[in-house]
Amino acid sequence: MTTAIIGGGVAGVAAAIAAAERGERVLVLERNRKPLKKLGVTGNGRGNVLNSGLPVYFGGERFARAALARVGYPELCTFFTSLGVPLRQEAEGRMYPAALQASVVTEALLLRAAQRNVTFVLNTRAQSIERAGDGFVIRAVQADPLPETGAPRKAAVPAAERPINLQADRVIVTVGGAASPAQGTDGTGYGLLTAFGHSVTPLKPALCALLTDKRRLAGLSGQRVRAGLTLYNANGVQLRQTEGEVLFGDDAVSGIAAMQLARFYEAGASLALDFRPAIGQDGAAPPQLCAFLQSLADLRRDRIVGDWLTGAFAPPVARLILSEAGLWEPKRELVRLTSADVERAAVTVAGLRLPVLGTRGFEQAQVTAGGICTEDFDPETMQSLLCPGLYAAGEVLDVDGDCGGFNLMFAFSSGLLAGRGPNGR
Ligand SMILES: Cc1cc2nc3c(=O)[nH]c(=O)nc-3n(C[C@H](O)[C@H](O)[C@H](O)COP(=O)(O)OP(=O)(O)OC[C@H]3O[C@@H](n4cnc5c(N)ncnc54)[C@H](O)[C@@H]3O)c2cc1C
């Protein structure tokens, strides 16, 4: 039995190992020069590979839960142990390789694949899959490898590509999604599955920064502040809430809490930032918050508005809050502050509104929301319900998870399930 796996990312290599352990002959087609390119950049190079907490998935959420009920956190920990990769837990259930380097996971996976005689066909991009008798033919193009070192190929000289055909008894499609095209995932792989009648749900960049009005963020780039975030649609309906550290950029709000809102973005959306957590006033009611802000003003009655929030917020954040509240008169004496001014400042601290003009897009997104509809796959085996012998796993499917290891966890889980084949063993 020959199994062809299209896409040598996490789901593909996990599937390859599982299939080879069943005694199948396994070929992995990967368009990059090396497999597992993306894994190396995950978790800021540290590889947040799993999460020990409650699963948080969107899109085919039930499908993801069903897959994880079969190969879930405990079994994935055992898989890492079997690879010789000890794990360590950090905040919020995030699991990393103990070495805190994603590269050790890459190396351990490739070593296991080599031990099981998995063949990698690199620089090879699958273009189509066709039924051929009981099996499949994969039509692909193979490019000449670029030199490992030395000058890059001149743009005027295109890489030579030659067509190749491969035959397989079963095919597992693990081409990833449309996010982060620099890693080989540009959304062109969906066609491999739609050719068999599978459908694609709407695609959106997920886990990326939210773009806002550049002028409102002047001087804030690089500032970090703890905040509660709420995304509203154009009609003021709440779309999603998160809390955590916010990182301001030149024209965008980033940091995990903001990035987790990207998949919920709609045209005309706005973002409310609640800064009460940054000043130890989490959930404080307006009178309590006003009393706190008034107490800060009382401490420096001899000073000016520019000094009001010193010690509570970094100066650029204090300025943003007071500007947005219409109170940025830095030379005004604090003794002249009225209770109405304090109330306006309190309203802004608890809910500063910024327009959301879009998201950073697939180029910068970590994950794709949407993908191949999961309803046409068996979550226990990842086999297509439309075409026996055809499987899919990982991000190519309509499953995306929150930050924290959930996306790699689904890639590992679904990849192992697909590799195990029709009987799930
Ligand atoms: C910067 C960044 C940081 C991230 N950090 C984390 C994190 O810490 N934790 C977490 O859980 N998730 C993280 N993610 C998300 C996670 O990496 C992905 O969800 C996961 O890698 C998906 O696995 P996959 O195997 O489905 O797809 P991928 O890992 O994307 O692999 C797909 C592979 O298929 C290949 N391919 C595509 N088309 C073809 C074709 N036609 N023919 C041949 N090969 C093809 C691609 O080159 C690629 O190697 C991060 C993503 C990014 C971009």
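The values are calculated or read from the model by the stated rules, or taken from the named source; none is laboratory data. None of these values were measured; they are calculated from a predicted model. Neighbour counts run over all protein chains shown; Cβ positions are idealised from the backbone, glycine included.
Among the residues making up the stretch 196-220, those that are more than 14 Å from the chain's Cα centre (by Cα) and at positive phi are Gly197, Gly219.
Filtered by the rule that a residue be over 19 Å from the mean Cα position of the chain (by Cα) and of a type in the set (A, V, I, L, M, F, W, C), the stretch 249-269 gives Ala267, Ala269.
For the stretch 286-338, the candidate set comprises residues that are among the acidic types (Asp, Glu) and touching a strand residue (DSSP E or B) at 6+ places or on another chain (Cβ under 7 Å); within that set, the residue that is nearest to Ala227 (Cα to Cα) is Glu324. Going by the conditions given, is Val28 β-branched (Val, Ile, Thr), within 13 Å of the ligand (Cβ to nearest atom), in the same structural domain as Glu380 (by TED's automatic domain parsing) and assigned to a strand (DSSP E or B)? The answer is yes for Val28. If you go through the stretch 303-326 and keep only what is under 19 Å from Ala272 (Cα atoms) and polar (S, T, N, Q), you end up with just Ser323.
For the stretch 267-307, the candidate set comprises residues that are in a strand (DSSP E or B) and out of contact with any Ser or Thr (no Cβ under 6 Å at 6 or more places or on another chain); within that set, the residue that is surrounded by the fewest Cβ atoms within 10 Å (Cβ to Cβ) is Ile304.
Candidates in the stretch 375-414 are the residues that are among the polar types (S, T, N, Q) and surrounded by 24 or more Cβ atoms within 10 Å (Cβ to Cβ); of these, the one that is nearest to Pro181 (Cα to Cα) is Asn407.
Taken together, the residues in the stretch 1-25 that are among the polar types (S, T, N, Q) and near the ligand (Cβ under 7 Å from one of its atoms) amount to 0. Could you tell me which residue of the stretch 335-360 is farthest from Asp282 (Cα to Cα), considering only residues that are surrounded by 19 or more Cβ atoms within 10 Å (Cβ to Cβ) and out of contact with any Leu (no Cβ under 7 Å at 6 or more places or on another chain)? Filtering the stretch 335-360 for residues that are surrounded by 19 or more Cβ atoms within 10 Å (Cβ to Cβ) and out of contact with any Leu (no Cβ under 7 Å at 6 or more places or on another chain), the one farthest from Asp282 (Cα to Cα) comes out as Leu337. With the stretch 157-266 as the region, which strands (runs of 3 or more DSSP E) entirely inside it contain at least 1 residues that are closer than 30 Å to Phe136 by Cβ and touching a helix residue (DSSP H, G or I) at 6+ places or on another chain (Cβ under 8 Å)? In the stretch 157-266, the matching strands (runs of 3 or more DSSP E) lie at 170-173. Against the criterion of being touching a strand residue (DSSP E or B) at 6+ places or on another chain (Cβ under 9 Å), in contact (Cβ under 8 Å) with a residue 12 or more places away in the chain and in the same structural domain as Thr374 (by TED's automatic domain parsing), Ala15 qualifies. Only a single criterion out of (1) surrounded by fewer than 15 Cβ atoms within 10 Å (Cβ to Cβ); (2) within 16 Å of the ligand (Cβ to nearest atom); (3) of a type in the set (Lys, Arg) is not satisfied by Arg215, namely (2). Would you be able to say whether some residue in the stretch 28-39 is basic (Lys, Arg), surrounded by fewer than 23 Cβ atoms within 10 Å (Cβ to Cβ) and touching a Pro at 6+ places or on another chain (Cβ under 8 Å)? The answer is yes; a qualifying residue exists.
For Pro355, the requirement of being away from the ligand (no atom under 16 Å from the Cβ) and in the same structural domain as Thr174 (by TED's automatic domain parsing) is not met.
A quick yes/no check of all residues on (1) outside any loop (DSSP other than H, G, I, E, B); (2) exposed (fewer than 14 other Cβ atoms within 10 Å of the Cβ); (3) within 13 Å of the ligand (Cβ to nearest atom):
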{"residue": "Gly43", "(1), (2), (3)": "yes, no, yes"}
{"residue": "Asn48", "(1), (2), (3)": "no, no, yes"}
{"residue": "Phe79", "(1), (2), (3)": "yes, no, no"}
{"residue": "Glu92", "(1), (2), (3)": "yes, no, yes"}
{"residue": "Tyr96", "(1), (2), (3)": "yes, no, yes"}
{"residue": "Glu130", "(1), (2), (3)": "yes, yes, no"}
{"residue": "Arg139", "(1), (2), (3)": "yes, yes, yes"}
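Being among the basic types (Lys, Arg), in a helix (DSSP H, G or I) and at negative phi is a description that applies to Arg112.
Ala91 meets the stated requirement of being farther than 16 Å from Ala20 by Cα, without any contact (Cβ under 8 Å) to a residue 24 or more places away in the chain and under 22 Å from the mean Cα position of the chain (by Cα). Taking the listed residues Arg162, Arg224, Arg153, the one that is modelled with pLDDT under 95, more than 23 Å from Val26 (Cα to Cα) and not hydrophobic (A, V, I, L, M, F, W, C) is Arg153, with no other qualifying. Exactly one residue out of Arg319, Arg420 is away from the ligand (no atom under 13 Å from the Cβ) and closer than 30 Å to Thr212 by Cα: that is Arg319. Would you check if there is a residue in the stretch 50-71 being buried (at least 23 other Cβ atoms within 10 Å of the Cβ), within 11 Å of the ligand (Cβ to nearest atom) and in contact (Cβ under 8 Å) with a residue 60 or more places away in the chain? Yes: one or more hits.
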